[in-house]
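Everything on this sheet refers to the single structure shown next.
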Amino acid sequence: MVIVGGGIIGVTTALFLASRNIPVTLLEKGRVAAEQSSRNWGWIRKQGRDADELPIVIEAIRLWRQLAEECGEDIGLNQTGVTYLANADKDMAKFEEFMRIAAIHELDTRLLGADETAKLITGMSRRFKGAMTTPSDMRAEPWLAVPALARLATRKGVRIVENCAARTLEIAAGRIKGVWTEAGYIETSTVLVAGGAWSSLFLARHGVAIPQLSVRVTAAATEPMPEVYRGAAADDHIAFRRRQDGGYTLWGLTHSGTSPSIFPPSGTIRSARAISRSLRQATRMAGRRRAIGRRIPQALSKECACSTQPLSRQSFARSSAISNSFSPGSRRFA
Ligand SMILES: Cc1cc2nc3c(=O)[nH]c(=O)nc-3n(C[C@H](O)[C@H](O)[C@H](O)COP(=O)(O)OP(=O)(O)OC[C@H]3O[C@@H](n4cnc5c(N)ncnc54)[C@H](O)[C@@H]3O)c2cc1C
């Protein structure tokens, strides 16, 4: 099987297939976890989940613990809790709704009053109506975790090829025959596309439409600093979490330059209904600012989707090379 994309989805899928003795080649156009999978907040949370999602998250948390042990590397997995802060009574009402779901799953989630919330974060100048907190929620350091899982996958026999974009699928009589890559052709009857924001562009040329909305968001990272809160917290304007190195990762909705921009993917009209809820949410998050990107970044243009992409060559200082079988001279891998 060939997997396109070396983010958390591609890497963990490869890992699980390898444990079932299914041979896997994973293609990554840049470096493993050099895109979204190393840039997220690293929250592993049960709190605030949809009732249908919660059993999946509970299983994911069990898997995170197991994989952290199997990796034998520090991936920054820690139980430091997640807290949502309430600005208004309506926020508290939403939290109370979640408490019903939390009770069914016997979560340790609890509501805090205004006084208890005020003591939660050192130096907090604002007074909140209250909060909801789940102390057992966890975090991992994304840029440590995904490369560590990729190394585990290679130890289990997965062939990871970095700096090698999949360009197009070879399809005959409605069946997959192989994948054309930057470095040659791979024969295979099964391809799993885990290309993150690029998946809809990659698949559109094969007539497969997946409703996908690209939203560009800016986050910030502080230098190590004195601890003001051990875990992760958010209200509807700002989210932050303490990192393992002692710094904080922040995401604010109200500051200039940090509001989301939305880039409608190809096939937006076709998938308009499917993405309408996400589009509304993203537009609300963007507030009064210009929500829709005036210009789709070059990296998201169709022309770039399957060739050498600007983003693919962007190096990510904290990730180290994973490839275990890249052979630039080879025109045919399998
Ligand atoms: C602001 C923000 C905060 C988030 N916070 C959290 C959080 O706290 N906790 C959490 O669990 N999730 C969080 N997420 C979600 C999480 O980051 C994503 O769900 C996850 O990283 C998606 O992983 P992926 O493997 O699907 O995609 P990606 O990480 O984008 O990986 C896709 C990979 O495919 C590669 N690729 C694409 N096209 C090709 C091609 N043609 N050939 C070869 N390779 C290709 C790309 O280079 C990329 O490396 C957050 C997301 C955002 C935007």
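Computed from the coordinates by the stated procedures, all read-outs in this text should not be read as laboratory data. Values in this document were obtained by computation on a predicted structure and should not be read as measured data. Heads up, the Cβs are rebuilt from the backbone with ideal geometry, glycines too, and the neighbour counts pull from every protein chain shown.
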Straight-line reach check, Lys46, cutoff 27 Å on alpha carbons, 8 or more apart in-chain or any other chain, hits among lysines -> Lys90, Lys94, Lys119, Lys129
Excluding residues fewer than 8 positions from Lys29 in its own chain, the aspartates and glutamates with Cα under 16 Å of it are Glu162, Glu182, Glu303
Hits in region 202-230: amide N under 19 Å from the 7 Å Cα→Cβ extension of Asp52, namely 210-213
